[in-house]
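Structure first, commentary second.
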Amino acid sequence: MNNLRRLDLNLLVTLDVLLAEHNVTRAAERLNFSQPSVSVHLAKLREIFDDPLLLPGPRGMRPTARAEELREPLRQALEALERAVAPASPFDPAQARDTWRVAATDYGESAILLPALAGLRAAAPGTRIAVVEMAPSRIARQAEIGDIDLAFHTVEGSPLNLRRRTLFAERYVLAGRAGHPRLKRRPTLKQFCTLDQVIVSPDGGGFSGVTDAALAEHGLERRVVLSVPHFLFLRSVLESTDLVAMLPERLVGNSGTLQVVDAPLEVPGYEMAMLWHERSHRDPAHQWLREQIVKAV
């Protein structure tokens, strides 16, 4: 350790070149140093290692036994340092073998990941994506320790210590099965409140949400008869019953199995964001993945 404190990288580079050239003049030319500078470096190295390292010989300088011991470990160490400080190589998706872990609800899977999936598979066929359960309270910690690479979450409530990019603004629409007799046109507010409705409650068992808060401002209530934890099941319910639901518009799209109309009252929407940790921000592979998702949505 004492020797390490006395060394600097220039001395090691000089020694590496001297061991290759066995000649102070040629070493100086390769290093773009003056010959006296290389001689000074050699003197310091001899003092540090307590060994002559290079001795005069009939055909230049001969390495000592200690110098021969140093040759290969020194070359390997310098090569490792060169790799460590080299600029990051460009990301080549066609050759990539990365595995990315993404935290998302079933809404994030459908509205964000699904539109991006075909492009990701085509451009980077050797990569893998693991979708893990969204746990909002654990997002920041999971990202910090590398358990997840990305998370999809509403802007409101996103951890402040994560990088964030807003992807889109979402709004709610009223949906029911195709041909639903009460959705042939936009219902009145009074008619809306008499419809049997289903709600998604991510925490389980809830029967009120943002729509109910908006109705309460008008002194009104609606009929919520079913609470489910996932949007996927909700769609199946809508397609096979006369229940209706207020849904994020991106979940219904141009579905031929659902009838979609504007709701008779203004329900606040939300913005969806992509979240990641500072540790991944400048990684070329991670940057590429983020840009592919942005393009897709």
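Karplus-based coupling profile of segment 38-47, in residue order and whole Hz: 5, 5, 5, 4, 5, 4, 5, 5, 4, 5, with θ = phi - 60° in 6.51 cos²θ - 1.76 cosθ + 1.60 and x standing for Gly or Pro. Derived value for segment 172-268: Kirkwood hydrodynamic radius 13.3 Å. Basis is the mean of 1/r over every pair of different alpha-carbon atoms. Hey, with R₀ at 22 Å, roughly what FRET efficiency would residue 189 and residue 249 work out to, going by the Cβ-Cβ distance, to 0.05? The computed FRET efficiency comes out at 0.65. Solvent-accessible area assigned to carbon and sulfur over segment 172-268 amounts to 50 percent, based on a 1.4 Å probe.
Can you tell me how much longer the chain between residue 43 and residue 292 gets when fully stretched, taken as 0.36 nm per residue apart minus their C-alpha distance, in nm with one decimal?
Answer, rounded to one decimal: 84.1 nm.
Annotation: amide H of residue 132 within the under-5 Å range of 102, 103, 104, sequence separation 5 or more or interchain, hydrogens built in the peptide plane. Where the centroid of each part is defined by its Cα atoms, how far is segment 137-194 from segment 18-70 in Å? Each part reduced to its Cα centre gives a spacing of 68 Å. Computed over the alpha carbons of the chain, Rg followed by Dmax gives 32.6, 106 Å.
With the simple model of a label 7 Å out from the Cα in the direction of the Cβ, residue 242 to residue 279 spans 5.5 nm. Computed from phi, the 3J(HN,Hα) profile of segment 55-70 under the Karplus parametrisation 6.51, -1.76, 1.60 (θ = phi - 60°) reads 10, x, x, x, 10, x, 9, 9, x, 6, 4, 5, 5, 5, 5, 7 Hz, with x in place of Gly and Pro. Under 5 Å between amide hydrogens, built in the peptide plane, is the criterion, and for residue 182 it picks out nothing among residues at least 5 positions away or on other chains.
Please state the relative contact order of the chain as a whole percent: Cα pairs under 8 Å, 6+ residues apart?
Values: 429 pairs, mean separation 62.5, N = 297.
The normalised contact order for the chain reaches 21 percent.
For segment 4-85, the carbon plus sulfur part of the accessible surface works out to 52%, probe radius 1.4 Å. For residue 173, the residues whose amide H sits under 5 Å from its own are 247, 249, ignoring neighbours fewer than 5 places away on the same chain, with H placed 1.01 Å from N.
Give the percent of DSSP beta bridges with both residues in the chain that are antiparallel, rounded to the nearest 5. Show your work: numbers first, answer last.
Values: 23 of 37 bridges.
Within the chain, antiparallel bridges account for around 60 percent of the total.
The sum of -39500 (n - 2.57) across all DSSP H runs of n ≥ 4, divided by the residue count of the chain, sets its helix-only mean residue ellipticity at 222 nm to -11500 deg cm²/dmol.
Skip the ligands, DNA and RNA, and give the accessible area per residue of the chain with a 1.4 Å probe, whole Å². Before the final figure, lay out each step's value.
Numbers: 16890 Å² over 297 residues.
Accessible area per residue, the chain: 57 Å².
For segment 4-85, the mean projected area of the C-alpha convex hull, equal to one quarter of the hull surface, is 5.4 nm². With a Förster radius of 30 Å applied to the C-beta separation of residue 76 and residue 141, the computed FRET efficiency comes to 0.20.
The values are calculated or read from the model by the stated rules, or taken from the named source; none is laboratory data. Not measured: the values here are computed from a predicted model. Counting neighbours? That spans all protein chains shown, and the Cβs are built from the backbone with ideal geometry, glycine included. Please note that ligands, DNA and RNA were not included when accessible areas were found on the heavy atoms of the full protein model with its side chains. Shrake-Rupley method; radii C 1.70, N 1.55, O 1.52, S 1.80 Å.
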